Each structure stands twice: as C-alpha cells, then as structure tokens.
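Remarks on the structure that follows.
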Amino acid sequence: MVSGIGGTMALVHGGRLHAACEHYGGSPDDWLDLSTGIAPWAYPLSAVPESVWQRLPEDHDGLESGASHYYQVDESQLLPIAGSQWAIEQIPRLYVKPLDVAILVNGYAEHPAAWQAAGHKVVFVDDMATLIETATQYDAAVIIQPHNPLGIIATLSQLTALKNMLKQGILVLDEAFADSANHPTLPLSPHTWRLKSVGKFFGLAGIRLGFVLAIETHIEQLAKQQSPWSVSHVARWAGAQAFADRLWQDQQRLRLSEQRHRLERLLTHTTLSRLASTDYFVTITHPQSESLFHSALAHRILLRHFPAFNGIRFGFPKTEGDWFKLENWLKEVTCPH
C-alpha cells in the first residue's frame, strides 16, 4: 500500500496531477510535479509527418536497428513493446507452473502484483545480501536495477551469483532507470529478461514505448502475446529519432547528473536525510514523512510518498522557477519561525 492523493490506495503511481488538483485546487500549470522518475526534459521531436498519423506502423522503419545499437544487442534479441509495464504483466504468464519468486521489499508494486496475478508465490526479501543467501529457495527473482525508489544498485557479482543460484535461473532485470549510466547487468541467456523504458531517460513517457531484451527464442515466445500494431506508429517514429541522436543523449546524461547532485546538496543543506539517489530522483526518509508530503501538497508541490518506510521521493525540477518554489517550501518546513 502506498499513499494516494487524499487517501491511501494500492498500486498508486506518480504523476497523478489532475487528482491533486481536484483535492487541493489549482490547475496543472499551478503545480510543481516532482512525483515521477521521468527526466524533466523531453527529447525535442520534430513535427510528426502526416503519413505517421495516417498509416499503420510497419517494421523496418529504423526503430529496431536504432534500439539494437543503443542497447548493444542483436535485433533478434529485442522486442518493442507499448511500455515496459506490458512486459511486467506478460512475462510471468509465460511460466505455467507456479513458481516461488523473490522480490526486494519496497519496490515497484506492479512486479509482485503481476507475478501473483499469474498464480505464482511472491516472497519479499529485505536486501540483496539476504536474497543471495536464500536464492536456492526460489525459482525466480526480480531485480530493479537501479531500484525504484531505494536507489539500490546490485553489483555484477551479486547478479551473477543470484542467477546461478536460483532453482530455475529465472531473472527479470527491470532497467527502466539504467539508461543514464553504465549500471551492472547480465549478458542475455536463457530465462534472463531485461526490461527497458524509453519514457524515463528520453522524457517521452507519453508515447508508451519500451523494450524487452532476451535471447531470440524468448523474444519469439513473448511476441506471440502481442496484439497487431501494439506499438503505435507515432511511438515507433519518435523512438527511432531519439535513438539516433547521440549528441542529445550525451547532453541528457550530463544534465541529469548535474541535477541529481544539485538536489542532493539542497536536501542535505535543509537537513532532510538522503536515503538514496539515481539520475532521476532522490529519496529521503523522515519520521514525519506524511506531514511533509501533505505540506508539499498544500504548497502545490506533488511528491511521491512511501509510508512503508517513511520515504519521500523527489523528482528533478525543470526550471529555475521550479527550483525556487522547491527551495522556499523546504526552508519553510525545515526552518520554522
């Protein structure tokens, strides 16, 4: 259970700006939305050609070749999908026999929900060390790399040990936040699934584009579960453009890193403890996390609250005006008169 706007509900996600407006007033333009882990700068797409709107999507349009180069795998080892959420739901359904699946606590709630919905047993584990120590008890594991919202990054030796110790060697690596840095990962092998999100790094969550990386036979198996034209023509066109622009990608990585360090310094300066950070968000813990969350809402700042560990996740402000608004609120709540 995670905190929702004006109450508590299961499987709540960031970005629920219209719900915040309904409960706390104002229009979306009045709010500073830091509740998501999406890069605040979107890839600057050119005007969409009329043919993209009028024609159904087709293969061989440059998307797979661009993704192959970007992700450093063969084209036969990747599958374009309508957002990585689709793969989170579909991969568990490929395994008919019930499995014991280990997942770290306090992670993206859609993972355990999907495995449970497919008839598998989910076991929550406190940390990577414990997971590896007990790995022989499980058939499969899901690792968010880096972890959302805790920022944990498993080492290559940890991932390798986990893969080798699981009874069936089934390992899902959710790498939605991995594009900005060379985070450890595993080479593709049977029952290793790597999930990629175009929306996070490229700031294009609205096009709903992601990829699954796996060995060719697994890709073929998963592709059978897709509906025809499940990835829109606009998404394919936008993804191909974004993958081809190396200069912009380098610039995006630099400014994400810069903003991460700026936010870390701000939170440290205002005495809010920093739990962890990635190039997309910083998560803090505070005994009064619920009060802080609602105080931010009252100031029309939307953050992400995790009551299970008294956590609050901050995305990155986009403009100097956004930074000014965040800084003023933090001064108010940490330095009361």
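Is the shape of region 50-244 best called rounded, prolate or oblate, per the rule: a/c under 1.5 gives rounded, else a/b larger than b/c gives prolate, else oblate, with a ≥ b ≥ c the square roots of the Cα gyration tensor eigenvalues? Since a/c reaches 1.5 and a/b is larger than b/c, the shape of region 50-244 is classed as prolate. Total lysine pairs in the chain at Cα distances under 18 Å, for residues eight or more apart or on different chains: 4.
Modelled spin-label separation between residue 23 and residue 254, with each label point placed 7 Å from Cα along the Cα-to-Cβ direction: 4.0 nm.
The distance linking region 245-274 with region 287-337 is 17 Å (Cα centroid to Cα centroid, whole angstrom). Going by a ≥ b ≥ c, the root eigenvalues of the Cα gyration tensor, does the chain fall in the rounded group (a/c under 1.5), the prolate group (a/b larger than b/c) or the oblate group? In terms of gyration-tensor shape, oblate.
Reported to the nearest whole Å, the Cα centre-to-centre distance from region 117-142 to region 197-217 is 25. Over the chain, dividing the summed -39,500 (n - 2.57) contributions of all DSSP H runs of at least 4 residues by the number of residues returns a 222 nm mean residue ellipticity of -11000 deg cm²/dmol. Taking packing as the residue-averaged number of other Cβ atoms within 10 angstrom, the listed peptides 275-287, 236-248, 141-153, 51-63 run from highest to lowest as 141-153, 275-287, 236-248, 51-63.
Can you tell me the FRET efficiency between residue 244 and residue 189 if r is taken as the Cβ-Cβ distance and R0 is 30 Å, rounded to the nearest 0.05? Display every interim value, and only then the final one.
Values: r = 29 Å, r/R0 = 0.97.
Approximately 0.55, to the nearest 0.05.
Each value in this text was obtained by applying a stated rule to the coordinates, not by laboratory testing. Note that the structure is predicted; figures quoted are calculated from it, not measured. Note that each Cβ is placed from the backbone with ideal geometry, even for glycine, and that neighbours are counted across all protein chains shown.
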